[in-house]
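What follows is one structure encoded as structure tokens, with my remarks underneath.
What follows draws every value from the coordinates through simple rules; no lab data is involved. Model, not experiment: these values are computed from the prediction. Note that we place each Cβ from the backbone using ideal geometry, even for glycine, and neighbour counts take in every protein chain shown.
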Amino acid sequence: LSSHAVEILHADSGVIGSQGYPGGLPPNTKCVWKITVPQGKVVVLSFRFIDLESDNLCRYDYVDVYSGHVNGQRLGRFCGTFKPGALVSTGNKMLLQMMSDANTAGSGFLAVFSAAHPHERGDRYCGGRLDKPAGTFKTPNWPEKDYPAGVTCSWHIVAPKNQIIEVKFEKFDVERDNYCRYDHVSIFNGAEINDAKRIGKYCGDSPPAPVLSDGNQLLIQFLSDLSLTADGFIGHYKFRPKKFPPTTTVAPTTTAAPATTRPIPLKYSVALCQQKCKRRGTLESNYCSSNFGKNVDACFCLRSESANVSCY
């Protein structure tokens, strides 16, 4: 490594940033931050910005977060642009370790930390990286009471490359709105919040249908505003093998025997409209009628034994 730095922080709150942020991450660097808050409290860490070299396993440029300073539980390893939910230590110490290799990419990261009472942990914090073959995710306070107002939870689910992810909601109760503008759950293919990759946006009290990812990563984000709350939800995920299209086999060429029976006549026929097509008109059947607009360039009639269709 060309650079190795350790920073000791004793404070109730503070800001941590990678070297050179936001101008870019220096190569071959290891930086360690050791955070200590007052006894009897826990450390709450929130990433405000993260942009490190993207990799499914975060093998190159990454940040590790540990509960404690020595032999602590790793709370997560992060890279790319995925911003996890708040991370909470079990005691009054937390350690961050950032590593970069020779080929860096990205602006780095910025995070804030603060001291909190242990009982606050379940009230506001949730989310994280999920990479076990199966698991559970839920809103804060589930099932004892409603989720709190003003929270954001992001679960990043990562499966092996040859697998996909199935998500099912067991219970679901999120503030209802016709357009899910307030409290809602969004599910995205991949690891980033991208409307083009959004599978769905959900609210109300009916569990969404099961969701299957396109690839090996899925992002679930829950947002609550500062007004009404509800029971929340509990969901489960599991990895599934990725199904590939079957291999096509070409059958040997054979000559079919001539047909010995007369072909069965079709019970419907399609005919061109004999009348001159117009830009506007009405399509009618025994069941309904519907006006079609001016952007119609062709006209045809479908006649069957059970329905008559008028064409204009």
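From largest to smallest, what semi-axes in whole angstrom does the range 122-243 give when each is the square root of 5 times an eigenvalue of its alpha carbon gyration tensor?
Taking √(5λ) for each eigenvalue gives 24, 15, 12 Å, largest first.
When the Karplus curve 6.51 cos²θ - 1.76 cosθ + 1.60 is applied with θ = phi - 60°, which whole-Hz ³J(HN,Hα) does each residue of the range 15-21 get, with x for Gly and Pro?
Using θ = phi - 60°, the values come out as 10, 10, x, 5, 4, x, 4 Hz.
Listing 161, 93 from the residue with the fewest other Cβ atoms within 10 Å to the one with the most, what is the order? Spell out each step's value before the answer.
Working: 161 11, 93 18.
Going from sparsest to densest Cβ surroundings: 161, 93.
Please give the FRET efficiency for residue 205 paired with residue 59, using the beta carbon to beta carbon distance and R0 = 51 Å, rounded to the nearest 0.05.
Efficiency, from the Cβ-Cβ distance: 0.75.
For the range 226-236, what does the Karplus curve 6.51 cos²θ - 1.76 cosθ + 1.60, with θ = phi - 60°, yield as ³J(HN,Hα) per residue in whole Hz, taken in order and with x for Gly and Pro?
Calculated HN-Hα couplings, in order: 9, 10, 5, 10, 8, 4, x, 8, 9, x, 10 Hz.
Sorted by packing (mean other beta-carbon atoms within 10 Å per residue), highest first, where do 229-237, 54-62 land? Write down the numbers at each step before the final one.
Values: 229-237: 20.1, 54-62: 17.1.
Packing order, densest peptide first, comes out as 229-237, 54-62.
Taking the beta-carbon count within 10 Å as an exposure proxy, list 147, 66, 182 from fewest neighbours to most. Each step should come with its number before you reach the end.
Values: 147 25, 66 20, 182 16.
Ordered by Cβ neighbours within 10 Å, fewest first: 182, 66, 147.
Using modelled backbone amide H atoms (1.01 Å from N, in-plane), which distant-in-sequence or interchain residues come within less than 5 Å of residue 164's amide H?
Result for residue 164 returns 240, 242.
For a quick check: with amide H placed at 1.01 Å from N, whose amide H comes under 5 Å from residue 173's, ignoring anything fewer than 5 positions away on the same chain?
Amide H neighbours of residue 173: 232, 233.
Past 23 Å, Cα to Cα: identify those pairs from 34/132; 83/201; 93/238; 171/201; 161/243, in the order given.
34/132; 93/238
Kirkwood hydrodynamic radius (Cα pairs, Å) of the range 1-120?
For the range 1-120, inverting the mean 1/r across all distinct Cα pairs yields 14.3 Å.
Counting just the Cα atoms, what span does the range 57-108 cover along each of its three principal axes? Round to the nearest Å and put the largest first.
Largest first, the range 57-108 extends 35, 22, 18 Å along its Cα principal axes.
Out of residues 5 or more away from residue 184 or on other chains, whose amide H comes under 5 Å of its own, with H placed 1.01 Å from N in the peptide plane?
Residues meeting the criterion, in which the H sits 1.01 Å from N, are 223.
Arranged by the count of other C-beta atoms within 10 angstrom, fewest first, what order do 15, 32 take?
Final ranking by Cβ density, sparse to dense: 15, 32.
How big is the range 54-167 along each principal axis, measuring the range of its Cα positions in Å and listing the largest first?
47, 36, 27
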